[in-house]
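J.: Before I ask anything, here is the structure I am working with.
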Amino acid sequence: MGILNVTPDSFSDGGRHADPARAIEAAQRMVADGADIVDVGGESTRPGSAPVPPSVEQARILPVVRALAIAGLRVSVDTRNADTMRAALDAGAAIVNDVSGLAHDPAAAPLVAARGCPVVLMHMRGTPATMSKLAVYQDVAAEVRSELAATLARARAAGIAAEAIALDPGIGFAKHAPHSIALLQSLPTLATLGCPLLVGVSRKAFIGALSGVETPADRLAGSIAAGLFAIARGASILRVHDITETAQALRVWHSLSG
């Protein structure tokens, strides 16, 4: 899954794809380089970020989603807002990717159930503005598994089919670096929930903590290492910035793994 942030303020690539024409070109390049899905987001959810009105979010993403869908690309929409989900699905998006696990907007779960589309449910406590204060755990793997299980149960109760759901442990969302590391090491425990796991480690702060690399855009090697570790531990989907390098690494890893 290639990351396409159509925002001015995302933590690593804010502003790079704010122009729709540049965003469309970048997405087409991602697919040519090996991305299976392009994840389009119009609201930054980095730690400390403020919410964006759905109208602004939609103005940013809909021209891009529509153009990519017409071109035959598989698009997911990265949003917490039901109105944006609805508009993006109408514009041709195929997948909903919600960092709140459908908890932010009460209309989101019924909408996803009615549309029958695949959905990614991520673990996060609080909101992007408050989540860092809520990163307090006795046993991060057990607690995240329990909270994801509750999120999964709510989605199923809303009528979302089990086979339509992927789970994301939310690396870096209400997690400090030690929590993110422990979660990656515990992915097999999360896999027992019975859903495919999507993992987003690309350029994140824990990689900087482990490698000493401060600038997110310079964390390519660490991102690939963490991504391959996640795949080895049971992840099915990697959400990444660097498609070419990650796709090459995955081809080699899969070939050597048999």
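We did not get these values from a lab; they are worked out from the coordinates using the rules stated. Note that the structure is a prediction, hence the values are computed from the model and not measured. Cβ: placed from backbone, ideal geometry, glycine included. Neighbour counts: every protein chain shown.
J.: Checking the a/c ratio against 1.5 first, then a/b against b/c, what shape does the Cα gyration tensor give for region 2-257? List each step's numbers first, then the result.
T.: Working: a/c = 1.33, a/b = 1.08, b/c = 1.22.
In terms of gyration-tensor shape, rounded.
J.: Would you mind checking region 234-257 for residues with the amide N under 16 Å from a putative spin-label position 7 Å along Cα→C-beta of Thr192?
T.: Flagged as within label range: 234.
J.: Using Cβ counts within 10 Å as a stand-in for footprinting exposure, how do Lys204, Lys175, Lys133 rank, fewest first? Walk me through the numbers on the way to the answer.
T.: Details: Lys204 22, Lys175 27, Lys133 11.
Ranking Lys204, Lys175, Lys133 by Cβ neighbours within 10 Å, fewest first, gives Lys133, Lys204, Lys175.
J.: Oh, and also: For the pair Asp33/Asp90, report the inter-label distance in nm, with labels modelled 7 Å from Cα in the Cβ direction.
T.: Between Asp33 and Asp90, the label points sit 3.3 nm apart.
J.: Give me Thr130, Thr7, Thr189 sorted ascending by neighbouring Cβ count inside 10 Å, so fewest comes first.
T.: With the sparsest Cβ surroundings first, the list reads Thr130, Thr189, Thr7.
J.: Let me ask something else. Based on other C-beta atoms within 10 Å, arrange Leu250, Leu73 from fewest to most.
T.: Leu250, Leu73
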